[in-house]
Every structure is written in structure tokens, then in C-alpha cells.
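The values are calculated or read from the model by the stated rules, or taken from the named source; none is laboratory data. Because the structure is a prediction, the values reported are computed rather than measured. Neighbour counts run over all protein chains shown; Cβ positions are idealised from the backbone, glycine included. When the accessible area is computed, the model is the full protein with side chains, heavy atoms only, and any ligands, DNA or RNA have been set aside. Shrake-Rupley method; radii C 1.70, N 1.55, O 1.52, S 1.80 Å.
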Amino acid sequence: MRTELSKTKKICVFGLLGALSLVLSVFENLIFPSVPFLPAGAKVGLSNIVTMFAGSVFGFSGALYIALLKALFAFVTRGAVAGAMSLSGGILSVIVLSLILMKERKTISFIGIGVLCAVFHNLGQLLCSCVLSGKAMLGYGKYLLLFAIVSGSFTGVVLNAVMPRLINLKESEKTEFGLFQKTK
């Protein structure tokens, strides 16, 4: 479901997607730090829904744009370590997403994509933390894996609910949406 847009529409769409991912990230930081059972630093990954959507619709470059924007936002708002963690997890997750989407997506659901992306996002962050602080963080990996399965399932369920509606909106002849055009 790759999409071609004019340059102006592309700037608008990516600006809106970027803003949405940042708003979801801020919202998540406000809501979820108060949940006592979450592993330290773990987040549900609401903004990853936008990254998966961008990857599904615009391919690797769309997902990479969102991941880079999120990493820059983490760097500016929470510092270099948070930026590096976001960048390492985001890039690895986008690579996995792109590899999955290169094949027929019919073989794996959005829930499966969400879980795989969450696992590799956490793996990227774990590798980054090992580079920054040594092997001490490796023991934390089993908790991150478990949380990635839960959070990836959640983001996959949300994307699974949203994508058909967006596809229907795209294919409806009665809509004035007009952003999506079939690829030639």
C-alpha cells in the first residue's frame, strides 16, 4: 500500500504524523510513569503506532523519518542518553518493519508486526545501554522481552483497528481526503 504524494502534501502529511507521534509520546510520559508494575523506563510505545503506520503507507523512508524525529525529540527534551536509546531502538525497529513489509504483509498481522517491532526496539535500546554502561544491563533483557510482547500486542491491536478505517477512507470515492493516490 505504498503511496505517492506531491511534495507539498508530503510535507503536510509527515508534519502531521510527526506531530502526532510526539503528542502520543508526551501523553504516554504523562500517564504511564505512575504505573508501578512497569519495568523502569518501559513505555507502551503509543508513538510507535505512527511509525508502523508510516512504514505501512510510505515505506522505509516514512518510518525512518518518524523514528528520527522521535529520537531528536528525546535528545532535546531528555538528553543525549535518551536520544541515543530512542535512535538505536527506532532504527532497528524500522529496519525490521521494512523487512517484514517487503514481503507480502498477509503472512503476518499488525499484531505480529507490533510485537516484532517492539522486541527489536527494546533490543536496540538494550544494545545501546550495554555500549554506554557495560554488560550490567543484559539481565534486564528478559523483562524487556516480556514487556515488548505485551506492548507490541497492544500497539498492533490499535493499528489493526485503525488501518482498515484509513484504507476505507482512502478508497472511498465520496471522500475529499485526497492525500492518498494509487502508485503507478
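Placing dummy labels 7 Å off each Cα toward the beta-carbon, the span from Val76 to Lys142 is 4.0 nm. Extension gain, Ser133 to Thr8, is 40.7 nm, computed as 0.36 nm per intervening residue step minus the present C-alpha separation.
For segment 40-125, the fraction of C-alpha pairs more than 23 angstrom apart is 16%.
Expressed as a whole percent, the accessible surface of segment 70-122 that belongs to carbon and sulfur atoms is 75, based on a 1.4 Å probe.
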